[in-house]
């Protein structure tokens, strides 16, 4: 009884309310700073790794260059190792991040995820970009990058109108578990450690047979900050390590495509045009929606800084037609699949999410299918 009275009195005390508000605001400030710093590291690393160049992305899809694969695998391995360590050092935060990811997958069937991921992958080859990569291209002044960005926003609005139809076409059955370790009764720690070990071995093998200096025109490391490029394995590992602040401070994992939905939601809210688009309204408020906007925004700034320091040539872009069409495909595919290359590739794989093991192969299948069947790459 006394405990109840003390709590009630505290709730009525204006000074205590003000103190509680300050703590809440302090938490929001910390989370905002964490998301912006994560974005800066992501943008700087992706630019230095040269994976953002449309030519390198398309060349990966026909197995002519392996810069993208090296960064992708090393980022997954580093992210998985950090989450494995997190299961020991910050288990509560990691469990909350897992629950958050599971929540996003609750209405996603494997078929829906696979189709969406294949569309996303096809868009990667067409545009020479991905949802997280496009702002790196904007910051690096890649030609027609803004056209791709425009296509992504157009694709986001297109998906928002199609969302009810897609949900009705792919009705998810009730599932108890969404992750490999829970589905098969495996230990997360053991499975994650073994998988990351295999990925590290794959990275080492790729680098041994295809040295990164053979794929980058300028690889002068006499000045680290002004170097045109850094080793892709190093840059991928830096991106993977961003999982630590994402999980610890944000109780979430890496992703980028939701940022475009949040921005579209704000625009339509101001214009008063989202009355019939429930999908956009769901992303209007709350830091859970906004942190990715901070993240991708500062990623563009980090890429711009890396580009300025590198003093290298501006990479070639794709045609305006391919940029816009690919951007639309990127957005529709990512939202249909419930994640992009970061959400499924870096985070979902690290969390052993069942749908991510469907999404990642489907992405590359869609991308490589378009690349081999057309003259784009």
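Full extension of the segment from residue 193 to residue 92, taken as 0.36 nm per residue of separation minus the current Cα-Cα distance, would add 34.5 nm. Compared with the dominant Cα axis of the chain, that is its longest principal axis, helix 67-89 is turned about 30°.
Please work out whether segment 227-377 counts as rounded, prolate or oblate from its C-alpha gyration tensor, where a ≥ b ≥ c are the square roots of the eigenvalues and a/c under 1.5 means rounded, while otherwise a/b larger than b/c means prolate and anything else oblate? Rounded, since a/c falls under 1.5.
Residue separation of residue 146 and residue 172 scaled by 0.36 nm, minus their Cα-Cα distance, works out to 5.8 nm of gained length. Here Cα Rg over 2.2 N^0.38 Å was calculated from the structure, and among [x] 1.01; [y] 1.14; [z] 1.08 it sits at label [x].
Seen against the Cα atoms of the chain and their longest principal axis, helix 145-169 is set at about 60 degrees. Extension gain, residue 223 to residue 278, is 14.7 nm, computed as 0.36 nm per intervening residue step minus the present C-alpha separation. Where a ≥ b ≥ c are the square roots of the eigenvalues of the C-alpha gyration tensor, would you call segment 69-222 rounded, which needs a/c under 1.5, or, failing that, prolate if a/b is larger than b/c, or oblate? Oblate shape, in that a/c is at least 1.5 and b/c is the bigger or equal ratio.
The fewest-to-most ranking of 84, 291 by surrounding Cβ atoms within 10 Å reads 84, 291. The Cα center of segment 124-179 and the Cα center of segment 322-377 differ in position by 9 Å. Against the main long axis of the alpha-carbon atoms of the chain, helix 287-310 sits at an angle near 30°.
No lab work stands behind these numbers, since they all come straight from the coordinates. Because the structure is predicted, anything quoted here is derived from the model rather than measured. Here the Cβ is made from the backbone with ideal geometry for all residues, glycine too, and neighbour counts use every protein chain on show.
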